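Below is one structure; the comments refer to it alone.
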Amino acid sequence: YPEAVMHVSEAAHYLATPDVVLNDSLELNSILTWAYCTPSKALSFFSRQYPPHPITAQYAVRSMQSYPADAVLFYIPQLVQSVRHDTMGYVVELIKSLAKKSQLVAHQLIWNMQTNVYMDEEAHQKDPQIGDTLENLISLIVNSLSGHAKNFYEKEFSFFQKVTGISGAIRKYPKGPERKEACLRELALIKVEQGCYLPSNPESLVLDIDIKSGTPM
């Protein structure tokens, strides 16, 4: 009698077990009208823990979409990695949907996906499982931006591409004083853009750069 506990999201754990999903049991249909589960539980349906199934995928997507877009920020690394097991395209559509709801979420998704397209630091070895899919997703999200959202994206990403680009610019210098000096020179060339925020902490706005404190790591 699933209707007796359908309002309890945790009860879904006992209905949608890996065996039930694998056997495509008729009882699994009940989960389509179940109370929404937590984001972490929803993402587990797109992991190796469960076999791919359209019903659990729909339930997971509906659960994720029931939360404010910003609440998903904590789960973006797991969401992007879920693309590996997304045999039916539900995660890809979820990512596109979430990116439309919030500029901040869109930025975090893009940054994370850019990091995961390649498997090496030099960006020569593309991830054979998800590299192409992530590149296509990034293009779709960026191309969908317009007006203020597009300007905000271009300013934020252009600024931090200059910051992170310092690593490549100073690599040719030997470690020690020469690389340190090169780092400080490159920092001094960067113009601070008003309104940019730290990717690791969106609540922190960039006010200035201390061009004397740069240290090659």
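Across the options Ser66, Asn116, Phe159, the greatest Cα extent toward the positive end of the charge dipole of the chain (unit charges at beta carbon of Lys, Arg, Asp, Glu) belongs to Phe159. Using Cα pairs under 8 angstrom and six or more residues apart, how large is the relative contact order of segment 63-211, in percent? Answer for segment 63-211 is 15 percent. Could you tell me which of rounded, prolate or oblate describes segment 55-156, using a ≥ b ≥ c as the square roots of the eigenvalues of the alpha-carbon gyration tensor, with rounded for a/c under 1.5 and, failing that, prolate when a/b is larger than b/c and oblate otherwise? Here segment 55-156 falls in the oblate category. Amide H to amide H distances under 5 Å link Tyr197 with Val206, where only residues 5 or more positions off or on other chains count and H is placed in the peptide plane. Think of it as helices only: each DSSP H run of n ≥ 4 in the chain is worth -39500 (n - 2.57), and spread over all residues that comes to -14500 deg cm²/dmol at 222 nm. Taking the inverse of the mean 1/r over every pair of distinct Cα atoms in segment 93-217 gives a Kirkwood hydrodynamic radius of 16.3 Å. Can you give the translational diffusion coefficient of the chain in µm²/s, computed by Stokes-Einstein from the Kirkwood radius over Cα pairs at 10 °C and 1.306 mPa s? Rounded to a whole number, D works out at 80 µm²/s. Pairs over the 19 Å Cα-Cα cut-off, from the set Lys191/Lys212; Lys101/Lys150; Lys96/Lys162; Lys155/Lys191: Lys96/Lys162. Taking every C-alpha pair closer than 8 Å and separated by at least 6 residues, the mean separation divided by the residue count of segment 1-149 gives a relative contact order of 16 percent.
Using a probe of 1.4 angstrom, how much of the accessible area of segment 10-62 is carbon and sulfur, in percent? Carbon and sulfur atoms account for 55 percent of the accessible area of segment 10-62. For segment 99-217, the per residue solvent-accessible surface stands at 65 Å², with DNA, RNA and ligands left out and a 1.4 Å probe. Charge dipole (Cα centre; +1 on Lys/Arg Cβ, -1 on Asp/Glu Cβ; no other charges) of segment 153-217 amounts to roughly 420 debye.
Over the residues of segment 20-82, compute the C-alpha Rg and express it relative to 2.2 N^0.38 Å. Computed over Cα atoms of segment 20-82, the ratio equals 1.11.
The values are calculated or read from the model by the stated rules, or taken from the named source; none is laboratory data. Since this is a predicted model, take the numbers as computed values, not measurements. A quick note on method: Cβ atoms are made from the backbone with ideal geometry, for glycine too, and the neighbour counts reach across all protein chains shown. Just the protein is used for accessible areas: all its heavy atoms, side chains included, with ligands, DNA and RNA removed. Shrake-Rupley method; radii C 1.70, N 1.55, O 1.52, S 1.80 Å.
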